[in-house]
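The values are calculated or read from the model by the stated rules, or taken from the named source; none is laboratory data. Just so it is clear, the model here is predicted, and its values are computed rather than measured. FYI the Cβ positions are ideal-geometry reconstructions off the backbone, even for glycines, and counts take in every protein chain you see. Accessible surface areas use protein heavy atoms only, side chains included; no ligands, DNA or RNA. Shrake-Rupley method; radii C 1.70, N 1.55, O 1.52, S 1.80 Å.
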Amino acid sequence: MRIDKFLWTVRLFKTRSQATDACKTNKVLVNSQVIKPAHDLKVGDIIQIKKNTAQFSYQVLAFTANRVGASLVPNYIKDTTPPSELEKYKTYQLAQREFRDFQTAKPSKSDRQKLRKFLDGSN
């Protein structure tokens, strides 16, 4: 089965074109080798996906012809990502959530409340 189609069927990417683009930009490795979107997978292959600062690893267990529901995904792939990589990704997500460019948009309600508390000197 093609790697781009497999990544889409097991819900690692939202669309097949996103999976194809990730393969083309060397963000997907199979058995530690850069591959093209048409690469054929085999059962037992290790897929590594680079997302932002982390690298996720999955082992292929089986194939499916159609996209599967989220509850059925563990039948087709096994997550072998080390906990340190998961922690890096969570840290990145937290940093992105906290960062907002204050010059491009007006402050949110939460920002206004924090600013009001700060200016009033109350805790």
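Quick notes on this structure:
- Any hit, region 55-64, residues being touching a residue at least 24 places away in the same chain (Cβ under 8 Å), of a type in the set (Gly, Ala, Ser) and closer than 26 Å to Glu87 by Cα: yes
- Counting only residues that are in a strand (DSSP E or B) and basic (Lys, Arg), region 36-93 holds 3 of them.
For every residue, the table says whether it meets (1) surrounded by 12 or more Cβ atoms within 10 Å (Cβ to Cβ); (2) more than 19 Å from Tyr89 (Cβ to Cβ); (3) out of contact with any Cys (no Cβ under 9 Å at 6 or more places or on another chain).
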| residue | (1), (2), (3) |
| --- | --- |
| Ile3 | yes, yes, no |
| Arg11 | yes, no, yes |
| Lys50 | yes, no, yes |
| Asn75 | yes, yes, yes |
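- Cβ-Cβ under 9 Å pairs, at least 6 apart or on other chains, region 8-36 side touching a residue at least 60 places away in the same chain (Cβ under 8 Å), far side open to solvent by 30 Å² or more (accessible area, probe 1.4 Å) and of a type in the set (Lys, Arg): Thr9/Arg16; Thr9/Arg67; Val10/Arg67; Arg11/Arg67
- Whichever residue in region 94-120 is open to solvent by less than 100 Å² (accessible area, probe 1.4 Å) and part of a helix (DSSP H, G or I) and, among such residues, is modelled with the highest pLDDT: Gln113
- Taken together, the criteria exclude Gln55 from residues that are surrounded by 10 or more Cβ atoms within 10 Å (Cβ to Cβ), at pLDDT below 85 and within 19 Å of the chain's Cα centre (by Cα).
- Region 15-35, residues that are in a loop (DSSP other than H, G, I, E, B), touching a helix residue (DSSP H, G or I) at 6+ places or on another chain (Cβ under 8 Å) and open to solvent by 20 Å² or more (accessible area, probe 1.4 Å): Thr15
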